[in-house]
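Following: one structure in structure tokens, then a few remarks.
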Amino acid sequence: MFIYGMMASMLGTIVPTLGLSTSELSWLAQAHGVGLATTSVWAGAFMDRGGKKTGIASGLIASAAGLILLTHPVGLVPAMIAMALLGVGGSLVIVGANALVNYISTDNKASALNVLKLFIGLGGMATPLVACNARLCHLARKRYIPCADYHSAMTNGASGMTKGILSDGVHPNPAGYAIMEPSACAAIQSALDRRR
């Protein structure tokens, strides 16, 4: 969870520094997902041979390397490599943490695994959501389909929501709707113009 928080914070710095477009931001998120998914295939066998400690240590090293690379962004490709390393590291840590659950007493295994999955899942949801939003807006623009991009309008430079625009942490308050209004009006006007 900490690594995902660091990653989100760094992305908020990298995107403006490198001048990345929405499409390029989605490639960063995809690189993370590819690293995570491909490592999931071989991580279990790697830990069966090398041990859980070796696997978790390797995951932490890969994550640290990815975070260090993200602190000095020089272009899209190095940033993608850093994100892929974070995916590899995250996958190794997740598989190692799952394997450690075997050392918990039989009575509490299911509960421990459930809490672990919840903890990992909450942090892991952010990346695919950002990637999906960026891809959808890019695809819509490419096909000349009106798109109301609320995400870009409502986030701050640290990839988080601007303070004071959500009533309960999820739903916009009047200030949030005021920020959304220009995007919605532009998308509606664009759709109306296309029908004429």
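Things to note:
- The listed residues are Gly44, Gly33, Gly55, and the only one of them that is modelled with pLDDT under 90, touching a Phe, Trp or Tyr at 6+ places or on another chain (Cβ under 8 Å) and under 15 Å from Ile94 (Cβ atoms) turns out to be Gly55.
- Those residues of the stretch 75-97 which are open to solvent by 40 Å² or more (accessible area, probe 1.4 Å) and in contact with a helix residue (DSSP H, G or I) (Cβ under 8 Å, 6 or more places away or on another chain), in sequence order: Leu76, Pro78, Met80, Ile81, Leu85, Val93
- For Ala178: the one exception among (1) at pLDDT 70 or above; (2) not in a helix (DSSP H, G or I): (2)
- The set of residues in the stretch 61-73 that are surrounded by fewer than 16 Cβ atoms within 10 Å (Cβ to Cβ) and touching a residue at least 24 places away in the same chain (Cβ under 8 Å) comprises Ile61, Ala64, Thr71.
The values are calculated or read from the model by the stated rules, or taken from the named source; none is laboratory data. Predicted, not measured: the structure shown is a model, and the values here were computed from it. Cβ atoms come from the backbone with ideal geometry, glycine included; neighbour counts cover every protein chain shown. SASA here: full protein model, heavy atoms, side chains in, ligands and nucleic acids out. Shrake-Rupley method; radii C 1.70, N 1.55, O 1.52, S 1.80 Å.
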